[in-house]
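The values are calculated or read from the model by the stated rules, or taken from the named source; none is laboratory data. Everything numeric here is computed off the predicted structure, so don't read it as measured data. Neighbour counts run over all protein chains shown; Cβ positions are idealised from the backbone, glycine included.
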């Protein structure tokens with residue numbers, strides 16, 4: 001069906017108003033101003049406002065921000081809580097755990113000079129800076145597809161509004177615009193749905209290891225003031241996940257901000273093998289551990305959310321440029337997993353992308369050639385050095401588990417400065433790690449107590465997620481028969497459990513069983529697109545403005 | 001005919017409201033705000049009247065701090081021709097709002113004043129009525145259908161027993177209810193154009209209004225949480241349980 005679309009032309013279109021996209025937008029304007037030239041920059045964001053889809057821990061390393069806005073303090077950037085103390089725990093059981101002595105903490109886990117922040121609020125601030133510099137930012141508009149002509153990316157098409165579930169046009173149908181640009185910077189975050197297509201179409205990952213992922217679940221709590229220690233950072237490994245084994249890895253965090261606000265979260269590696277594992281329920285029972293529970297008891301949970309992260313690091317990084325465009329931030333996979341930090345690296349990658357794009361445009365480029373300057377600048381930057389030093393962390397963990405892997409990592413980071421003379425690889429993609437249900441043990445998760453642990457639906461409610469109900473389902477099944485015909489007998493359809501928002505259900509009995517998709521619950525974490533063993537679920541952007549409405553996440 | 005539409009910036013309807021721990025109000029920092037949905041309906045109606053040729057100019061107006069400019073930009077993207085920002089960082093109570101809006105209607109000599117029947121934040125449902133009263137003009141509240149016929153407006157209202165049709169002389173205040181219309185999707189080109197439309201900033205003092213503090217909010221509390229239900233296996237058990245609670 002061909003529709004008439006309005007067209008706007010820019011020098012640069014940025015997809016995604018996260019740390020990478022907004023830093024890129026700001027940097028483009030700064031570089032243009034330095035050169036005394038005009039560059040038009042447009043940012044589209046699928047969330048209803050900047051920050052609405054941003055979820056991060058987050059302990060923030062200000063290195064990239066210092067470079068982008070040396071005067072961020074005067075400009076009022078929301079970095080208010082410096083890290084005061086770093087505790088690392090190994091949890092050995094539901095009741096026990098031990099604190100790691102400072103001597104044994106790997107260098108990458110030291111947080112002096114870092115801040116505990118809400119990344120959503122930092123993005124809101126970055127959005128304001130970008131607008132002040134003259135960028136146009138359009139939240140509530142989702143980039144749906146890349147415009148590719150003669151092998152060159154020419155911009156993006158924004159999703160249509162006012163289409164029914166069956167694909168018919170409603171009376172208020174509004175076709176999405178074409179936003180054309182000389183260069184398009186894709187900064188959609190982990191497993192961006194356009195980035196994924198571009199990586200496949202241009203074969204960007206042909207020299208890279210498979211990307212690896214985790215799902216991060218996070219809650220915001222208001223705690224009893226007597227238990228509140230502003231600036232305290234607690235990281236944990238082990239229970240409820242594996243400490244010695246390698247079948248379910250991950251780590252946990254608990255950060256004390258300001259105003260009695262505490263962030264608590266669990267990151268579960270999506271390389272887990274038991275199809276009965278439910279990251280959501282692991283998180284809920286994790287909070288019952290005495291080390292964590294002591295802070296939460298008597299407090300109130302105020303928000304909940306989840307988002308996948310890319311943790312493959314340098315080994316898994318695809319080529320970053322293609323004709324007419326580049327990947328930045330977690331669309332590229334710039335998170336430093338050894339530090340469990342991706343915000344400063346995402347910002348830096350956006351800035352490097354912007355510098356390369358600005359230089360090319362100022363020199364008169366039309367965007368049709370691949371922007372090789374980006375990779376050259378990246379290789380020469382501290383970002384590359386940092387990711388190089390951390391390249392072995394993920395593969396070592398997957399091979400040796402948290403405890404032994406942690407020890408090897410300590411040796412690499414603290415003795416070799418991150419520069420082991422060899423590189424570890426993990427070549428098994430996360431969707432291939434599940435064992436058949438018949439060979440796996442069911443996990444009996446404790447019932448939520450309604451005080452510390454909660455059920456899925458009341459949690460999703462706290463993410464303020466909303467989608468227009470009458471619209472095409474944005475979680476597309478390539479083959480609708482697979483969930484019931486293959487995934488159910490083989491893996492007991494793991495989507496019912498890995499989805500942190502209760503989107504997927506198997507309903508009905510016997511031969512009437514069917515796979516139900518509650519798309520309006522979706523918190524845009526992308527886990528299904530990553531973990532489905534048949535790679536049958538394709539996440540596409542719903543109508544702009546849909547999804548969670550995270551505040552202070 | 002000139003229409004003045006008042007639009008209020010409120011916490012978005014999708015956001016789960018959190019009460020501040022000290023009970024002094026609700027959390028608004030870092031929380032998504034948007035135009036009061038009932039005001040969106042008023043805005044949409046004004047634009048439809050303009051598309052019909054009845055209204056010739058739409059002026060959007062809001063009261064509040066700097067961030068309220070976003071709400072005005074949304075109104076301009078809907079189709080308002082220009083906007084007035086009555087800027088004030090303090091608390092604006094309904095009477096103050098009504099006085100300021102009435103002054104704006106006078107200043108603009110608008111024939112039609114449209115606003116939502118209430119704002120979803122404080123649900124006061126007073127502003128439209130007070131504006132009409134302060135200006136001593138007719139009012140038609142809770143409109144579910146609006147037709148302009150020369151110097152009169154014919155307004156259908158939803159009342160308990162059915163529909164009530166009023167005929168009011170213009171100038172008049174019309175407050176809009178949910179079923180009046182379905183606001184359109186904002187188009188990207190319209191949002192772009194809206195950035196260039198004029199916004200006039202005035203203060204309460206410019207309009208000859210002093211902010212009143214007649215109402216004091218003493219406490220804000222969340223609704224009591226529902227206690228856990230029990231599962232009964234038989235009707236007898238149910239009857240017993242109800243009797244036990246003194247309900248039968």
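If you go through the stretch A:282-296, how many residues are part of a helix (DSSP H, G or I), within 14 Å of residue A:266 (Cα to Cα) and touching a helix residue (DSSP H, G or I) at 6+ places or on another chain (Cβ under 7 Å)? Counting residues in the stretch A:282-296 that are part of a helix (DSSP H, G or I), within 14 Å of residue A:266 (Cα to Cα) and touching a helix residue (DSSP H, G or I) at 6+ places or on another chain (Cβ under 7 Å) gives 2. Within the stretch A:446-480, the set of residues being under 26 Å from the mean Cα position of the chain (by Cα), at pLDDT 95 or above and away from chain B (no Cβ under 12 Å) comprises A:452, A:453, A:454, A:455, A:456, A:472, A:473, A:474, A:475, A:476, A:477, A:478. The set of residues in the stretch A:24-36 that are in contact with a helix residue (DSSP H, G or I) (Cβ under 6 Å, 6 or more places away or on another chain) and surrounded by fewer than 18 Cβ atoms within 10 Å (Cβ to Cβ) contains only A:35. Counting the residues of the stretch A:242-266 that are surrounded by 18 or more Cβ atoms within 10 Å (Cβ to Cβ) and not in a strand (DSSP E or B) gives 7. Got at least one residue in the stretch B:129-148 being within 14 Å of chain A (Cβ to nearest Cβ), outside any strand (DSSP E or B) and touching a residue at least 24 places away in the same chain (Cβ under 8 Å)? Taking every residue of the stretch B:129-148 in turn, none turns out to be within 14 Å of chain A (Cβ to nearest Cβ), outside any strand (DSSP E or B) and touching a residue at least 24 places away in the same chain (Cβ under 8 Å). Screening residue B:188 with (1) closer than 23 Å to residue B:10 by Cα; (2) in contact (Cβ under 8 Å) with a residue 40 or more places away in the chain; (3) within 14 Å of chain A (Cβ to nearest Cβ) gives one miss only, at (2). The set of residues in the stretch B:191-217 being surrounded by 15 or more Cβ atoms within 10 Å (Cβ to Cβ), within 21 Å of residue B:42 (Cβ to Cβ) and within 14 Å of another protein chain (Cβ to nearest Cβ) consists of B:191, B:194. Based on what the data block shows, is residue A:176 buried (at least 19 other Cβ atoms within 10 Å of the Cβ), within 12 Å of chain B (Cβ to nearest Cβ) and part of a loop (DSSP other than H, G, I, E, B)? Yes; evaluated as a whole, the condition is true for this residue.
Return the residue satisfying two criteria in turn: it lies in the stretch A:1-14 and is within 14 Å of chain B (Cβ to nearest Cβ) and touching a helix residue (DSSP H, G or I) at 6+ places or on another chain (Cβ under 8 Å), and of such residues it is nearest to residue A:325 (Cα to Cα). Per the criteria, the residue is A:8. Here the stretch B:126-143 is the region considered, the condition is being closer than 30 Å to residue B:27 by Cα and touching a strand residue (DSSP E or B) at 6+ places or on another chain (Cβ under 8 Å), and the residue that is surrounded by the fewest Cβ atoms within 10 Å (Cβ to Cβ) is B:129.
Would you check if residue B:45 is more than 14 Å from chain A (Cβ to nearest Cβ), buried (at least 23 other Cβ atoms within 10 Å of the Cβ) and out of contact with any helix residue (DSSP H, G or I) (no Cβ under 8 Å at 6 or more places or on another chain)? Answer is yes for this residue. Quick check, is residue B:64 at pLDDT 95 or above and at positive phi? In short, yes. Evaluate the following for residue A:444: is it free of Cβ contacts under 8 Å to residues at least 24 places away in the same chain, on the phi < 0 side of the Ramachandran plot and part of a loop (DSSP other than H, G, I, E, B)? In short, yes. Scanning the stretch A:200-223 for residues that are crowded, with 16+ Cβ neighbours inside 10 Å and either more than 26 Å from the chain's Cα centre (by Cα) or part of a loop (DSSP other than H, G, I, E, B) (or both) gives A:202, A:204, A:205, A:208, A:209, A:210, A:211, A:212, A:223.
When the stretch A:297-321 is filtered for residues that are out of contact with any strand residue (DSSP E or B) (no Cβ under 6 Å at 6 or more places or on another chain), at negative phi and not in a strand (DSSP E or B), the ones remaining, listed by number, are A:297, A:312, A:314, A:315, A:316, A:317, A:318, A:319. Residues satisfying the criterion are absent from the stretch B:40-60 (criterion: in a strand (DSSP E or B) and without any contact (Cβ under 8 Å) to a residue 40 or more places away in the chain). Tell me which of these residue B:10 doesn't satisfy, since it passes every other one: (1) crowded, with 22+ Cβ neighbours inside 10 Å; (2) within 14 Å of chain A (Cβ to nearest Cβ); (3) assigned to a strand (DSSP E or B). Residue B:10 satisfies all of (1) crowded, with 22+ Cβ neighbours inside 10 Å; (2) within 14 Å of chain A (Cβ to nearest Cβ); (3) assigned to a strand (DSSP E or B) except (1). Restricting the stretch A:163-173 to residues that are touching a residue at least 40 places away in the same chain (Cβ under 8 Å) and not in a loop (DSSP other than H, G, I, E, B), which is surrounded by the fewest Cβ atoms within 10 Å (Cβ to Cβ)? Ranking the candidates gives A:170 first.
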